[in-house]
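Below is one structure, written out as structure tokens, with a few remarks after it.
The values are calculated or read from the model by the stated rules, or taken from the named source; none is laboratory data. From a predicted model like this one, the values you see are computed outputs, not experimental measurements. All Cβ positions, glycine included, derive from the backbone under ideal geometry; neighbour counts span all protein chains shown.
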Amino acid sequence: MIKYIAKRVGFGVLTIFVVATLTFFLMNMVPGGPFTSDKLSEQAQALIMAKYGLDQPVPVQYVNYLGRLIHGDLGTSIVNVGYSVNDIIADKFPVSFSVGIIAIILSCLIGIPLGILAAYRRGSAMDRVITSLSSLFSSLPGFVLAVILLYVFGMVLHALPTSGLTSWQGYVLPVLALSAGPSAILSRITRASLLDVLSQDFTRFLKAKGMRTKVILFKHALRNAAIPIVTTLGPLAAGILVGNLVVETVFSIPGLGSYLVKCISQRDYPVIMGTTIFYTAFIIVILLLVDIVYCVIDPRIKLDEE
Amino acid sequence: MAKQTEAIRAQGPLSSTRRGQPLLQVRDLRVSVNSRMGSYDVIHGIGFDVVAGEILGIVGESGCGKSITMNAVMGLLPSNVRVTSGKVAFRGIDLVQAGEPLMEQLRGGDLAMVFQDPMTALDPLYPIGDQILEAIERHSGARGNEAREVAIEALRSVGLSEPEKRLSQYPFELSGGMRQRVIIAIALCCRPSLLICDEPTTALDVTIQATVLDLIRELHEQLGNSVVFISHNMGVIASLCDRVTVMYGGQIVERGTVDEIFYQTAHPYTKGLLACMPTLETPREEPLVPIRGTVPDPRSQVVGCPFSSRCSKRMKICMREMPPEFVLEGQHSCACWLCMSEGLSSELLRVPPISAQISKEEQR
């Protein structure tokens, strides 16, 4: 297990290196720069560019950046002078995470039970309602739902605040907007996976043993159906926890997602790079956790085997 | 052989006096499948008894309704298949009318079933011990160490070495033969009075098949329970069963003691099943005789005898009317018009109106 984790961490570092390289060159291919402005003279622009080392050729900048990255230094923001990228992530990420964790827990609490219900009552009206809702919400883009929620609860009903996270009510709309899609996807995966398990021979043998439906469903079938559910849940959770760009922007949440959008438009290179690397590392960790959870669920899966 | 038959008849399953009443009585069982095309019958009103302490074989090709029949008895039919009429009396309880809570108590307790493929019949994620203990705890009062003892004893009785160690092993750590033993141990751990075996050896190696069959026979002798053994293998049936029921197209076409079925074979279908089995005396060059054609699609409404389309001795009446079961000698009976003259001399099991016209046609 430890050997496997070490191997995965090694590959993770390699992945981060590749992602950092790609991001660096792609970012520099986009025209414009942090100081492109009509108000600054060309001379002033050149001076500032030189101060941040942006006047050097891109390959040189790349090598310099990697040198700092190895020491864990993600650089400082160009736009918000005086803030290091590490500080910005430490400041913004908890905000995104607090909304995201509630959303992902809510998605599990809604999606998985609905999936179980749909599979258990397969072919019933209940099943059809759940399946249709699931298709609807998994195909509805997040920003459409966010805007609808904003309009209905914020503007028409005046029931909930439309921006910020100053009170608990502030969490309601963003959490709803974030969890609708994942709930739908989870309910569909749970239903399909459970139906597959329930059609297997061992379910019939469990019935032949006289096991109660609830034991068959919750003790045996659900655990067997869990692998695809966890496989879906991992990346889904990673995507939500690091902050959804659209939802954070719509609800003016001071999280990492909305901040990244701002930085991209301002060409704040170090922040873009740093955040991307942070995302990558976060997803690598989540996927590793998913692999460990596989072992807990299924005794046949051994991580150390060749 | 005749002597043997004589002997069976003397004490016979009629030795039920000694071994008790019929344990399971199936009467006029009809099972139908609902599909998008509408519903159609797959079991056409069959009836049979399982006497306490006997091994009853049910033979037929795939799709003859053997498994459906016994799954109907167990209440394990898939959701689109249901019993439309008939009675399944088990120790005086009608299983067709019994609700799910009662069936759950009976299944795995007094009424057990073993399936075809041991590789997929156990939950892959739980240790063997867990899967046997949950059955024991469900059906007997035993808990904790007491239940563990029962489990170890059950595993030992099916010939598994080191049963204590097996409890913590997972199904994937056992071979197919060992898994089938575990499954039989689970089925028998609560001492069922009826064990249904649905082709339990079909998925196993030939060498393992024999040991599993021996095991079923041994345990049957020890426990004195009744066994219904479903198979398409006439050899297995001959070596194991007391009585045999031959099914075709959702109907029972012939039944009797093993000797009657194998030595006084009456139905052309049974003869066909026997003919396609090689014997030691069969010369190597001689091809086996297959039964031509395939089992009729249950969706097509067959008029007359379901076997008529494949039968080499087909007569006009066979395509018009299903023959009743004619009682032959002893316990032997056969649903074939060819048996009519013989059968008429004795009492009919089911007496449908046989018009004068038909008997005339027969004579011609």
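Here B:S308 passes the criteria (1) under 30 Å from B:S39 (Cα atoms); (2) of a type in the set (S, T, N, Q); (3) under 20 Å from the mean Cα position of the chain (by Cα) except the one numbered (3). B:L125 falls short on exactly one of the conditions (1) within 14 Å of chain A (Cβ to nearest Cβ); (2) in contact with a strand residue (DSSP E or B) (Cβ under 8 Å, 6 or more places away or on another chain); (3) surrounded by fewer than 22 Cβ atoms within 10 Å (Cβ to Cβ); (4) not acidic (D, E), and that condition is (2).
Which of the residues belonging to the stretch B:154-190 are part of a loop (DSSP other than H, G, I, E, B) and not β-branched (V, I, T)? Result: B:G159, B:L160, B:S161, B:E162, B:L167, B:S168, B:Q169, B:Y170, B:L174, B:S175, B:C189, B:C190. Within the stretch A:140-162, is even one residue within 27 Å of A:G234 (Cβ to Cβ), within 22 Å of the chain's Cα centre (by Cα), of a type outside the set (A, V, I, L, M, F, W, C) and surrounded by 18 or more Cβ atoms within 10 Å (Cβ to Cβ)? Looking through the stretch A:140-162, none of the residues is within 27 Å of A:G234 (Cβ to Cβ), within 22 Å of the chain's Cα centre (by Cα), of a type outside the set (A, V, I, L, M, F, W, C) and surrounded by 18 or more Cβ atoms within 10 Å (Cβ to Cβ). Across the stretch A:263-283, the number of residues qualifying as over 15 Å from A:F97 (Cβ atoms), crowded, with 19+ Cβ neighbours inside 10 Å and of a type outside the set (S, T, N, Q) comes to 10.
Got at least one residue in the stretch A:133-149 being in contact with an Asp or Glu (Cβ under 8 Å, 6 or more places away or on another chain), in contact (Cβ under 8 Å) with a residue 12 or more places away in the chain, of a type outside the set (A, V, I, L, M) and in a helix (DSSP H, G or I)? No: zero hits. Evaluating B:M119 against the criteria (1) of a type in the set (A, V, I, L, M); (2) in a helix (DSSP H, G or I); (3) more than 19 Å from the chain's Cα centre (by Cα) leaves one unmet condition, (2).
Can you spot a residue in the stretch A:52-62 that is within 19 Å of A:G243 (Cα to Cα) and of a type outside the set (S, T, N, Q)? Checked the stretch A:52-62: no residue is within 19 Å of A:G243 (Cα to Cα) and of a type outside the set (S, T, N, Q). For B:K87, the conditions (1) buried (at least 18 other Cβ atoms within 10 Å of the Cβ); (2) within 30 Å of B:T245 (Cα to Cα) are fulfilled apart from (1). Annotation: B:E134 fulfils all but one of (1) within 14 Å of chain A (Cβ to nearest Cβ); (2) surrounded by fewer than 16 Cβ atoms within 10 Å (Cβ to Cβ); (3) among the acidic types (D, E); the unmet one is (2). If I filter the stretch A:87-99 for residues that are free of Cβ contacts under 8 Å to residues at least 60 places away in the same chain, assigned to a helix (DSSP H, G or I) and among the acidic types (D, E), do I get at least one hit? So far as the stretch A:87-99 goes, yes, one or more of its residues are free of Cβ contacts under 8 Å to residues at least 60 places away in the same chain, assigned to a helix (DSSP H, G or I) and among the acidic types (D, E). Considering the stretch B:244-256 alone, what residues qualify as being buried (at least 24 other Cβ atoms within 10 Å of the Cβ), assigned to a strand (DSSP E or B) and not hydroxyl-bearing (S, T, Y)? Selection gives B:V244, B:V246, B:M247, B:I252, B:V253, B:E254, B:R255, B:G256.
Taken over the stretch B:64-113, the criterion of being among the small types (G, A, S), assigned to a loop (DSSP other than H, G, I, E, B) and more than 9 Å from chain A (Cβ to nearest Cβ) is satisfied by B:G65, B:G92, B:A98, B:G99.
Scanning the stretch B:150-191 for residues that are of a type outside the set (K, R), farther than 23 Å from B:E221 by Cβ and surrounded by fewer than 21 Cβ atoms within 10 Å (Cβ to Cβ) yields B:E162, B:E164, B:L167, B:S168, B:Q169, B:Y170, B:F172, B:E173, B:L174, B:S175, B:G176. Taking the condition free of Cβ contacts under 8 Å to residues at least 60 places away in the same chain, surrounded by 15 or more Cβ atoms within 10 Å (Cβ to Cβ), under 25 Å from the mean Cα position of the chain (by Cα) and on the phi < 0 side of the Ramachandran plot, does B:S300 pass? Considered against the rule, which asks whether it is free of Cβ contacts under 8 Å to residues at least 60 places away in the same chain, surrounded by 15 or more Cβ atoms within 10 Å (Cβ to Cβ), under 25 Å from the mean Cα position of the chain (by Cα) and on the phi < 0 side of the Ramachandran plot, B:S300 comes out as no.
The rows are residues; the columns are (1) farther than 26 Å from A:D298 by Cβ; (2) away from chain A (no Cβ under 12 Å).
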position: B:M119; (1), (2): no, no
position: B:A151; (1), (2): no, yes
position: B:S157; (1), (2): yes, yes
position: B:I184; (1), (2): no, no
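Residue-wise test of (1) more than 25 Å from A:T280 (Cβ to Cβ); (2) part of a loop (DSSP other than H, G, I, E, B).
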{"position": "A:T21", "(1), (2)": "no, no"}
{"position": "A:N28", "(1), (2)": "no, no"}
{"position": "A:L40", "(1), (2)": "yes, yes"}
{"position": "A:Q43", "(1), (2)": "yes, no"}
{"position": "A:N64", "(1), (2)": "no, no"}
{"position": "A:G67", "(1), (2)": "no, no"}
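All conditions but one from (1) at pLDDT 90 or above; (2) touching a Leu at 6+ places or on another chain (Cβ under 7 Å); (3) closer than 20 Å to A:Q200 by Cα apply to B:L195; the one that does not is (3). Among residues of the stretch A:54-98 being buried (at least 19 other Cβ atoms within 10 Å of the Cβ) and in contact with an Asp or Glu (Cβ under 8 Å, 6 or more places away or on another chain), the one that is modelled with the lowest pLDDT is A:I78.
Exactly one residue out of B:V212, B:V236, B:V228 is farther than 20 Å from B:S161 by Cα and assigned to a helix (DSSP H, G or I): that is B:V236.
All conditions in (1) touching a Leu at 6+ places or on another chain (Cβ under 9 Å); (2) in contact (Cβ under 8 Å) with a residue 40 or more places away in the chain; (3) within 12 Å of chain A (Cβ to nearest Cβ); (4) not β-branched (V, I, T) hold for B:S168, with the sole exception of (1). Of the residues making up the stretch B:186-196, just one is away from chain A (no Cβ under 11 Å) and either of a type in the set (S, T, N, Q) or closer than 14 Å to B:G129 by Cβ (or both), namely B:S193.
Just one of the listed residues (B:G63, B:G99, B:G38) is surrounded by fewer than 19 Cβ atoms within 10 Å (Cβ to Cβ), closer than 19 Å to B:D297 by Cβ and without any contact (Cβ under 8 Å) to a residue 12 or more places away in the chain, namely B:G38.
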